1. If the requirement is being touching a strand residue (DSSP E or B) at 6+ places or on another chain (Cβ under 8 Å) and within 14 Å of the ligand (Cβ to nearest atom), which of these qualifies: 19, 39?
2. When you look at residue 25, is it within 16 Å of the ligand (Cβ to nearest atom) and at pLDDT below 90, yes or no?
3. Out of all the residues in region 32-45, is one or more surrounded by 13 or more Cβ atoms within 10 Å (Cβ to Cβ), touching a helix residue (DSSP H, G or I) at 6+ places or on another chain (Cβ under 6 Å), in a strand (DSSP E or B) and modelled with pLDDT under 95?
4. Out of all the residues in region 57-66, which are under 20 Å from residue 13 (Cβ atoms) and either more than 9 Å from the ligand (Cβ to nearest atom) or more than 10 Å from the chain's Cα centre (by Cα) (or both)?
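The values are calculated or read from the model by the stated rules, or taken from the named source; none is laboratory data. What you are looking at is a predicted structure, and each value in this text was computed from that prediction instead of being measured. Cβ sites come from the backbone with ideal geometry, for glycine too, and all protein chains shown count toward neighbours.
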Ligand SMILES: [Zn+2]
């Protein structure tokens, strides 16, 4: 389980770096679009695009379902 988590974290960081959010998340500058919680690598749930801007959601089921609704618009 620990190994799986480590791999997942690495992939997540790589992904966030690719879309240009990793530094902002590391510096605590990104908030969940759904509940306003500060996003960290531990509670990152989903990312979606709204009006050309990237918006991030935490991993609470409520917020993740919001992000799915947004991205299908
Ligand atoms: Zn949230």
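1. On the way: 19 fails: within 14 Å of the ligand (Cβ to nearest atom).
Exactly one of 19, 39 is touching a strand residue (DSSP E or B) at 6+ places or on another chain (Cβ under 8 Å) and within 14 Å of the ligand (Cβ to nearest atom), namely 39.
2. On the way: within 16 Å of the ligand (Cβ to nearest atom): yes; at pLDDT below 90: no.
No; evaluated as a whole, the condition is false for this residue.
3. Yes, that holds for at least one residue.
4. Applying the first criterion (under 20 Å from residue 13 (Cβ atoms)) to region 57-66 yields 57-59, 64.
Of everything in region 57-66, nothing turns out to be under 20 Å from residue 13 (Cβ atoms) and either more than 9 Å from the ligand (Cβ to nearest atom) or more than 10 Å from the chain's Cα centre (by Cα) (or both).
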